[in-house]
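All remarks here apply to the structure that follows.
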Amino acid sequence: MTTNNGLLLIDKPKGLTSHDVVAHVRKVLNEQRVGHAGTLDPMATGLLVLAVGASTRLLRFAQSETKRYEGVVTFGVRTDSLDADGEVLERRDVAPLDVDFVGGEAAAMLGGVSQIPPMVSALKVKGKRLHVLAREGVVVEREPRDIAIHAFTLSPTSKSDEWTFDVTCSVGTYVRVLLSDLAERLGTIGHLSALRRLSSGSHHVADAMTFEQFDRCVGDGGQFLKPPRAFVTQLEEIVVSEDEERRLRMGQRVSLDAPLSDEIAALNDRGALVAVLRRRGESWQPSVVLPVQVTNERG
């Protein structure tokens, strides 16, 4: 039995870390089991997907989702972090940029590409965060990552050196690196000056709560959590019987007339997620078992 168990969508304000958001939710709900999927830098705003209670065991499904962002790139200025929070390292005059030229270079970056993570990042090398090493003036070799850019468009603004952009990309993509690489292709330099996450998988910022809305909703006893099932919408689903549900909750394997997938979501006849199952030969083994969900005024 649980009162706080499910998916929470927060519209992160500028200036806070993703951990700050988690800490706030923990305090408001008096619940330590809170985690997030997909870090947003302090300068960024927008969708942050959180898991509360037992649903933290489902975070891996949200962490692997495709992301969509919008923002602003400023050409002619390079910073050490590749974004507006960094120190300016270089300035250049920017020649007029043609819309077709910019669009063509952005289109050429679509598909699978290799990207080198920036030094100012939370990645660890030999147990130490890269941003800590960067502050110490240490630069280390970083292994390139394979990412995918699904859509990438830019539009000019009233300022000749600023362009808005919209990008849909795979997990693990550093948008600031993408924009820095684009600037190089355009024959200049640049940095990310504004960023907002619009979506992560099937979750959209339009459905997210601001801090103020979240606090008020909790205080009023309103519904603020989506059910655990919302984490696994990409999995094939199967409805199990009461006996099968009982056995799964005990960690036992069951035999099901299930799809060919190697991982599925098991629901009960009320539509609640019972467990995530993995194929084990001719039977199915629960890899994650959710507690009985109690519907109440708090989600």
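Bear in mind that the values in this text are calculations on the coordinates, not laboratory data. Fair warning: this is a prediction, and the values are worked out from it, not measured in the lab. Because the Cβ atoms are built from the backbone with ideal geometry, glycine has one as well, and the counts that use them run over all protein chains shown.
Structure notes:
- For mean projected area of the Cα convex hull in nm², the value calculated from this model appears in (i) 16.5; (ii) 18.3; (iii) 15.6 under label (ii).
- The alpha carbon centroids of region 217-287 and region 11-67 are separated by 23 Å.
- Over the chain: helical MRE at 222 nm, DSSP H runs n ≥ 4 each giving -39500 (n - 2.57), nearest 500: -5500 deg cm²/dmol
- Pairs spanning more than 21 Å between alpha-carbon atoms, out of 27/67; 14/159; 27/226; 12/67: 27/67; 14/159.
- Rough spin-label spacing in nm, given labels placed 7 Å along Cα→Cβ, for residue 23 and residue 246: 4.7
- Among 116, 189, the order by Cβ neighbours within 10 angstrom, fewest to most, reads 116, 189.
- Exposed GluC sites (Glu not before Pro) absent: longest stretch of the chain, with sites in DSSP loops and at most 13 other Cβ within 10 Å deemed exposed: 142-281
- Length available on full extension from residue 202 to residue 92: 0.36 nm per residue minus the Cα-Cα distance, which gives 35.6 nm.
- Arranged from fewest to most other beta-carbon atoms within 10 Å of their beta carbon, 193, 64 become 64, 193.
- Simple label model, 7 Å out from Cα along Cβ direction - residue 80 to residue 145, nm: 2.2
- A straight chain from residue 158 to residue 99 at 0.36 nm per residue would run longer than the Cα-Cα distance by 19.9 nm.
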